[in-house]
1. Quick one: plug the Kirkwood hydrodynamic radius of the stretch 42-154 (C-alpha pairs) into Stokes-Einstein at 4 °C, 1.567 mPa s, and report D in µm²/s.
2. Lys178: which lysines have alpha carbons under 20 Å from its alpha carbon, excluding same-chain residues fewer than 8 sequence positions away?
3. Return P(r) of the stretch 1-56 (all Cα-Cα pairs; 10 Å bins starting at 0; whole %; ordered from short to long distances).
4. Kindly provide the pair-distance distribution of the stretch 95-219 built from C-alpha pairs, with 5 Å bins from 0 and whole-percent values in order of increasing distance.
5. Among Gly46, Phe7, Trp111, pick out the residue whose Cα is farthest towards the positive end of the charge dipole of the stretch 1-129, where Lys and Arg carry +1 and Asp and Glu carry -1 on C-beta, about the Cα centre.
6. Normalised by the empirical 2.2 N^0.38 Å for globular proteins, what value does the Cα Rg of the chain take?
7. Mind checking the per residue accessible area of the stretch 1-138 for me, 1.4 Å probe, whole number of Å²?
8. Given charges of +1 on the Cβ of Lys and Arg and -1 on the Cβ of Asp and Glu, with all other atoms neutral, how large is the dipole of the chain about its Cα centre, in debye to the nearest 20?
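The values are calculated or read from the model by the stated rules, or taken from the named source; none is laboratory data. Just so it is clear, the structure is predicted and the values come from calculations on it, not from any experiment. Don't worry about glycine lacking a Cβ; one is built from the backbone with ideal geometry, like all the others, and counts go over all protein chains shown. Accessible surface areas use protein heavy atoms only, side chains included; no ligands, DNA or RNA. Shrake-Rupley method; radii C 1.70, N 1.55, O 1.52, S 1.80 Å.
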Amino acid sequence: MDLYGVFGVGGFGREVMPLVRWQLRGADARAVFIVDGVQAPAEVHGLPVLTLAEFLAQPEAAKYFTVAVGDGAARRMIAGKLLSGGARPFSVTAPSHRALGGNACGPGAIWCDHSVVTADARIGAFFHANLFAYVAHDCVIGDFVTFAPRVSCNGWVTVEDGVTIGTGALIRNGSQSKRLVIGRDAVIGMGAVVTKSVPAGVTVVGNPARVLQRVETMP
């Protein structure tokens, strides 16, 4: 029997677990929650809650995980611990997700209900696309990127590693000759309308989006 773990018992983790259980239906596998360094109940929604160390010590030969934590930097750190412990990432795909053609996505993604990726997008590892999030044609998205619900990312956009895009934000399309680029570790605020490239490590808000503050980028 294989073991599948969802890291996180917060709101997003509890939203993702039913998708995992649907995905595992009929398989010889069991699902658990994983936590690290926080107090948690022994069970959530009838499923065991294991510490990271307990998860890695389970007797199942094959251990798989996904990280249901919205913060990209935290997701990177957690994934690193689980990978170094020998666990393997798996992607979660809701039944109503649509991928239309020619796309590629790295491991550990979470595609929530009604998320869409259209054509010829290239997406990195541990991507989150929350409810109704949209990735259009020819986008290039880095690792540990978070799209909150109803994010609309139009075509010819590059989103670098660690970017967080808030609920309802709209990213204007670039072009084949001039891509719109959102720099590494930038934060796009809720409802922002991004009409031009965003530097690395800044927070932008508003319509049109303007720089609110600069944040430290990951090394």
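1. 87 µm²/s
2. Within reach: Lys196.
3. Bins of 10 Å from zero give 25, 59, 16, 0 percent of pairs.
4. In whole percents, the pair-distance histogram is 3, 13, 23, 29, 19, 10, 3, 0.
5. Trp111
6. Normalised by 2.2 N^0.38 Å, the Cα Rg of the chain equals 1.02.
7. 44 Å²
8. With Lys and Arg at +1 and Asp and Glu at -1, about 580 debye.
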